[in-house]
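Worksheet for the structure shown next.
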Amino acid sequence: MANQSAHVHFPPIEEFQTLKLKELIYEIVKCCEDRRIYENQKFGIPYAAVQCLLLFRDERYLTVKTIALRLEVAKSRVTKLINGLIDKNLVKRIDDPQDSRVKLISLTPEGREKVREIETFHFELHNKLLKRIHPHEREGLLACLENLKYYMDAVKQELIEG
């Protein structure tokens, strides 16, 4: 039998790196999705409700329209979300003193406490992650992540513009 060497095709470096980037981003997103599932159980509310509550960190009142714009969902979805949060006594509706047709959404004391719990959880989670990274690697990693976010936003904008 003739000595035939098997020809293995190695993809060009750019193709390899593209596939590696895709795999890493997929794994990071999966990890974030797992965290969301854990948060749902820990806080007893859906992830969308967590995101909605966090909008109130620096706001005393928001309208359904503003919440819909910031969460990038339909107003009807926000109304359902707000109704669920009202049922859990985390937010309340009040009349807008400037316009009686408008209802303002505000956190209840229980809602403010829930936001503090969520923010504390997020801080502790990210702090645990940071502590696993060698101090000499942190600055470079954070710079790389900032670059990644910048480039992801740029590609997203290209997709939007067509």
Query - Residues located in the range 39-59, provided they are more than 18 Å from residue 83 (Cβ to Cβ) and surrounded by fewer than 12 Cβ atoms within 10 Å (Cβ to Cβ) - result: 41, 58
Query raised in the report: Which number in (1) over 21 Å from the mean Cα position of the chain (by Cα); (2) surrounded by 14 or more Cβ atoms within 10 Å (Cβ to Cβ); (3) in contact (Cβ under 8 Å) with a residue 12 or more places away in the chain marks the one condition that residue 93 misses?
Result: (2)
Report summary line: Of (1) acidic (Asp, Glu); (2) surrounded by 13 or more Cβ atoms within 10 Å (Cβ to Cβ); (3) assigned to a helix (DSSP H, G or I), residue 27 satisfies every one except (2)
Query raised in the report: So which of 113, 137, 119, 158 is of a type outside the set (Lys, Arg), free of Cβ contacts under 8 Å to residues at least 24 places away in the same chain, assigned to a helix (DSSP H, G or I) and surrounded by 11 or more Cβ atoms within 10 Å (Cβ to Cβ)?
Result: 113
Query raised in the report: Pick from 137, 146, 158: which is over 19 Å from residue 39 (Cβ atoms) and modelled with pLDDT under 95?
Result: 158
**Report entry** Filter pass, residue 48 being small (Gly, Ala, Ser), assigned to a helix (DSSP H, G or I) and within 17 Å of residue 115 (Cα to Cα)
**Finding:** yes
Report task. Hey, could you check the range 60-88 for residues that are free of Cβ contacts under 8 Å to residues at least 24 places away in the same chain, among the aliphatic types (A, V, I, L, M) and in a helix (DSSP H, G or I) and say which is surrounded by the fewest Cβ atoms within 10 Å (Cβ to Cβ)? Result -> 69
**Report entry** Residues located in the range 82-103, provided they are closer than 22 Å to residue 47 by Cα and in contact with a Lys or Arg (Cβ under 7 Å, 6 or more places away or on another chain)
**Finding:** 86, 90, 93
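The values are calculated or read from the model by the stated rules, or taken from the named source; none is laboratory data. What you are looking at is a predicted structure, and each value in this text was computed from that prediction instead of being measured. When we count neighbours, we look across all protein chains shown, and the Cβ atoms used for this are built from the backbone with ideal geometry, even at glycine.
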